[in-house]
Amino acid sequence: MSEQTNSTDESFSFDELPDAPPKRKIKLSWPGKIGIAIILFWSVIVVIGPSIAPYHEADILDEELFILPGSDEMYPETEFQPPSKIVYLGSDYIGRDLLSRILYGARTTIGISVLATLLAYLIGVTAGIAASVGSRYLDMGLSRVNDALLSIPSIMFALVLIAALNSPGIFWLILITGFIYAASVFRIARSLGQEVMVSDFVEAAKVRGEGLWWIITREILPNIAMPLATDFGLRFVWVILFISSLSFLGLGVQPPMSDWGSMVKENLPGLVLGSYAPLMPAFAIASLTISVNMIVDDLSAATGGKLAKRMIS
Amino acid sequence: MSALLEVDNLQISARNDDDELTPIVKGVSFNVEPGEVVALIGESGSGKTTIALSSLGYTKPGLEFVGGEVRLQGEDVISMQNNRLRGLRGQRVAYLAQSAAATFNPALTIGEQVTESTVLHGLMSQEEANRRAEDLYRALELPDPDRLGKRYPHQVSGGQLQRLMAATALCGKPDLLVLDEPTTALDVTTQIEVLKSFKSVIKQEGASAIYVTHDLSVVAQIADHIVVLYAGEIQEYGTADQVVTQPSHEYTRRLMHAVRPPPAAGQGDDTSDLHQRKAPALEVKNLLAGYGRTQNGVPEITVLRDVNVSIERGHSVGVIGESGCGKSTLARVMAGLLPAAQGEVLLDGAALQPALQQRSRSELQKIQFVFQMADTALNPRQRIDRILGRPVEFYHGLKGEEKRRRVGELLQMVELPQEFAGRYPEELSGGQKQRINLARALAASPEVLLCDEVISALDSIVGANVIELLKRLRQKTGVSFVFISHDLSTVASFADQIVVLYAGRVVEQGPTNAVLSPPYHPYTRLLISSVPELRVGWLEETMETQEAQAGIDRVVTLTDKGCPFFDRCPRAMKGTCDEETPPVRSLTGSHSIECHLSEAEFAQ
């Protein structure tokens, strides 16, 4: 570790003092650890949910199941039933098992959100990097188009697109969401890229004669990966809420497929009847989004909190 | 009389993520008597700023007081409650940060900021404070003291801003001033002006001060007592005179050794002509370059004009000048980072394309650029072996085992251990990073190395070691160097040719010995006389000279006509110097001076 010095006295040497602080490790706080546990739990449910669900998501349960032993009532109510041994989390507004629907819905909600976020990143980062390394005119063109997209309220924009395409199904839902969110990813990728682009080590690569591709893949991307990863988490949360909002408005996932957002909506009348039905999927959404946030907090603490400034929703 | 400030066995530690304490300051004791300046000197990491801040009862986040006492007029500062500390800071102890430019708020006038803390603490009314500020402007020899308070920070020069910081600190008549490297970021000519006014104002006000710096020759001018620190421990403590003339500790001697002697003839290395070839390794002819949109071959902001420099094979050319004179721009034009608007750059006698995108790979390989800040010039996400391996592979096509061997050789060349290949830049110290930065340029096996202020950001001892390394490398490889620096003594000890740049023009150039001995260009003479010497009393002597009184710390103006140095020159001739572009006077050998004065007049 010691710097070679031409010391005049061999027995007496002064090491150069290291000036860099010790490398910051990502340390997970308790909330972060809980967050990871919850995310892991939901990831498992995405895979095995439908196979452990007691019923199918579209099953409207038989009245017979709800007949209490010893009761002589032949046609008991099946809607908005409280949790019991038959339906662990209660039943919904037409008598389907909430637990099963949440388990099935995990796959739909999380799957769509992950795909849409990935798509947003693919488009946004590609265009953002292109704008930061390309010519002034390319940057200006891309940025103005992006500004125009950002100025349209995203829910409205999506509603118009979906309505124009006449409720086109999950594939288009992912495409539209990804496209809309690409605009905000673009801004972050561009500003991160520009910052790295003017750094001395990129200049050094240019003086060496490196090509653009090398500069992008070796110098720029590794240096913006961490902040982008953090942003990915937050963006994912927004996409979940966005998809859920669309479903809540009736333009997202269509029945009988279950998804957490539409489940909140369809069971909303239950609130006045004192049913937990709309709260269960809402809790599921909240648990997922809050966990992601708790992990992101730890990540941005590790990158020195610089990230928070760049977060533009 | 008892001491104003007593630091008694002070211990400060850093707490890391795992709640372990690492000692930063290990039992330091010293006193500051009333009216006395005590200097804390040491490298970065020696704990000097941490100790200075403790007199304000403050530690940086992550640090904590572990033991000892800091008593201001007999009262312990460390154990003070927050509301008492508020009274202490800004009233009884004032702090002057390193960078005035970063400290001043650009949106408020100077007067508001100078008086703010005094009025806030209720020491004076706004009118009294304004009057007091004006007196201080006068004492600090700032121009136009009556109206200075109404101006904004960007309207004054860097050196003036630094002095305004002193006015801010002194406004409330504090008992103790803490000055944290107040002249480190300044040019030599600005530095002595600031030092002089600090010194006179401290004497005039009868204030006491703690002066933190790593520059021993600065300290010799201003301090009464010197505390030499290393790794949080006092190595030597004594009067300035005694420490400077009879250092008793080995570390102090090392520090003194790192201070280069004042620039004078006979220091430059005579490079052997072993590697000599006919054409110069690198040459620039009639260069005109600048920034902004170029129209008709003239950029919006012209930085360099009529620059002619040639670098012979195996020689080192030092480029010297104050900040903003265009010396970094010159290197960027040579490297092709900034295409010249007019003129040409020749490599081995063949003209190069102005922009680096059009230069061939072998041309790029022959000119390598070493960036000023090793911190930012190395990609933090790449390991050292990749940073060094890439140019080896890119220019010479070496792969696998061969590449690894070459990286090993490079590490050996810059005198670093082999295991550094597996480390990331942030695991290295500043000097080590600068060595890697050098090694990366050497990896290309270049013919010309452009070194842009490579040791400016380093501590004196570390910087001296890097210079020694550069000298050995030059002997070993026969590479030509363009060595850019604002520090004349560094350039004098390294280069065999010197180019003096002022406001984008070459005012004097020639062999080191010729440039550093009479006849001088008036600007060169000013630069030479501004380099602080390591002896007590130098400052006073220098300020008596003609150059110092005429031309120190003025705003540099870029002009199209006349001599740019006109308004700072003690020998300027009105009607000639401000109207006509000065002629280039060729003196003996390759020595030339651009000035209206004739050779005979120079001799006076």
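So the values come out like this:
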{"read-out": "Contour excess over end-to-end distance, with Cα ends at B:Lys173 and B:Gln475 and 0.36 nm allotted per residue", "value": "103.1 nm"}
{"read-out": "For the protein assembly as shown, convex hull volume per residue from C-alpha positions, Å³", "value": "227 Å³"}
{"read-out": "C-alpha long axis of helix B:400-413 to longest principal axis of chain B, angle in °", "value": "60 degrees"}
{"read-out": "Size of charge dipole - the range B:431-536 - debye, nearest 20, with Cβ of Lys, Arg +1 and Asp, Glu -1, no other charges", "value": "240 debye"}
{"read-out": "The range B:70-178, relative contact order [Cα under 8 Å, separation at least 6], %", "value": "40 percent"}
{"read-out": "Rg followed by Dmax, in Å, when the range B:5-258 is reduced to its Cα trace", "value": "18.2, 55"}
{"read-out": "Assigned charges on the beta-carbon of Lys, Arg, Asp, Glu; the protein assembly as shown dipole about Cα centre (debye)", "value": "2040 debye"}
{"read-out": "Which of B:His396, B:Val407, B:Asn379, positive extreme of dipole for the range B:351-420 (C-beta unit charges)", "value": "B:His396"}
{"read-out": "Nearest-0.05 FRET efficiency for A:Thr126 and A:Leu273, computed from C-beta distance (R0 56 Å)", "value": "0.65"}
{"read-out": "Positive-end extreme of charge dipole, the protein assembly as shown - chosen from A:Ile123, B:Ser360, B:Gly537 (charges on Cβ)", "value": "B:Ser360"}
{"read-out": "Nitroxide proxy distance, nm - points 7 Å out along Cα→Cβ at B:Ser200 and A:Val198", "value": "4.0 nm"}
{"read-out": "Long-range HN-HN contacts of B:Glu594 with modeled amide H, under 5 Å", "value": "B:Glu508, B:Arg585"}
{"read-out": "Selected from B:Val119, B:Gly149, B:Ala231, residue furthest toward positive end of dipole (the range B:5-258; charges at beta carbon)", "value": "B:Gly149"}
{"read-out": "Global form of the range B:461-540, assessed from the alpha-carbon gyration tensor, a/c cut-off 1.5", "value": "oblate"}
{"read-out": "Relative contact order of the range B:159-225, pairs being alpha-carbon contacts under 8 Å that are 6 or more residues apart, as %", "value": "40 percent"}
{"read-out": "DSSP beta bridges in the protein assembly as shown [antiparallel fraction, %, rounded to 5]", "value": "60 percent"}
{"read-out": "Gyration tensor (alpha-carbon) shape descriptor, chain B, a/c threshold 1.5", "value": "oblate"}
{"read-out": "Pair A:Ser287, B:Arg404: separation of 7 Å Cα→Cβ label points (nm)", "value": "5.0 nm"}
{"read-out": "Chain A, relative contact order in percent, only Cα pairs under 8 angstrom and at least six apart counted", "value": "24 percent"}
{"read-out": "Extended-chain gain in nm, criterion 0.36 nm per residue less alpha-carbon gap, A:Ile48 and A:Leu175", "value": "43.1 nm"}
{"read-out": "Shape box of the range A:112-255 [Cα atoms, principal axes, largest first, Å]", "value": "59, 28, 19"}
{"read-out": "Trypsin sites (Lys or Arg not before Pro) within the range A:47-150: DSSP coil, no more than 14 neighbouring Cβ in 10 Å", "value": "A:Lys85"}
{"read-out": "At R0 = 51 Å, FRET efficiency that the Cβ-Cβ distance of B:Arg147 and B:Ser445 yields, to 0.05", "value": "0.30"}
{"read-out": "Charged-residue dipole, Cβ positions (Lys, Arg, Asp, Glu), the range B:5-258 about Cα centre, Debye nearest 20", "value": "600 debye"}
{"read-out": "Structure-based [θ]222 nm, chain A - -39500 (n - 2.57) summed over DSSP H runs of at least 4, per residue, nearest 500", "value": "-20000 deg cm²/dmol"}
{"read-out": "B:Thr190, B:Thr118 arranged by Cβ crowding within 10 Å, fewest neighbours leading", "value": "B:Thr190, B:Thr118"}
{"read-out": "Degrees between helix B:430-442 axis and first principal axis of chain B (Cα, 0 to 90, nearest 10)", "value": "10 degrees"}
{"read-out": "Distribution of pairwise C-alpha distances over the range B:39-126, 5 Å bins, in %", "value": "3, 11, 19, 20, 19, 15, 10, 3, 1"}
{"read-out": "For the range B:152-208 and the range B:438-487, distance of Cα centres in Å", "value": "33 Å"}
{"read-out": "Built amide H within the under 5 Å cut-off of A:Leu61, gap 5+", "value": "A:Arg96, A:Asp97"}
{"read-out": "Phi to ³J(HN,Hα) by Karplus 6.51 cos²θ - 1.76 cosθ + 1.60 over the range B:418-427, Hz, x for Gly, Pro", "value": "4, 5, 5, 4, x, 9, 9, x, 5, 8"}
{"read-out": "Backbone HN-Hα couplings from phi across the range B:513-522 [Karplus 6.51/-1.76/1.60, Hz, Gly and Pro as x]", "value": "4, 6, 5, 8, 10, x, x, 10, 6, x"}
{"read-out": "Order of B:Lys476, B:Lys196 - criterion: other Cβ atoms within 10 Å of each residue's Cβ, fewest first", "value": "B:Lys476, B:Lys196"}
{"read-out": "Rounded to 5, the percent of DSSP beta bridges in chain B classed as antiparallel", "value": "60 percent"}
{"read-out": "Gyration tensor (alpha-carbon) shape descriptor, chain A, a/c threshold 1.5", "value": "oblate"}
{"read-out": "Residues whose placed amide H lies under 5 Å from that of A:Val87, excluding near-sequence neighbours", "value": "none"}
{"read-out": "Derived scalar couplings ³J(HN,Hα) [the range B:454-463; Karplus, 6.51 cos²θ - 1.76 cosθ + 1.60; whole Hz; x for Gly, Pro]", "value": "5, 10, 4, 8, 9, 5, 4, 5, 4, x"}
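Values in this text are rule-based calculations from the coordinates and carry no lab data. The model shown is predicted, which means the values in this text are computed figures rather than measured ones. Note that each Cβ is placed from the backbone with ideal geometry, even for glycine, and that neighbours are counted across all protein chains shown.
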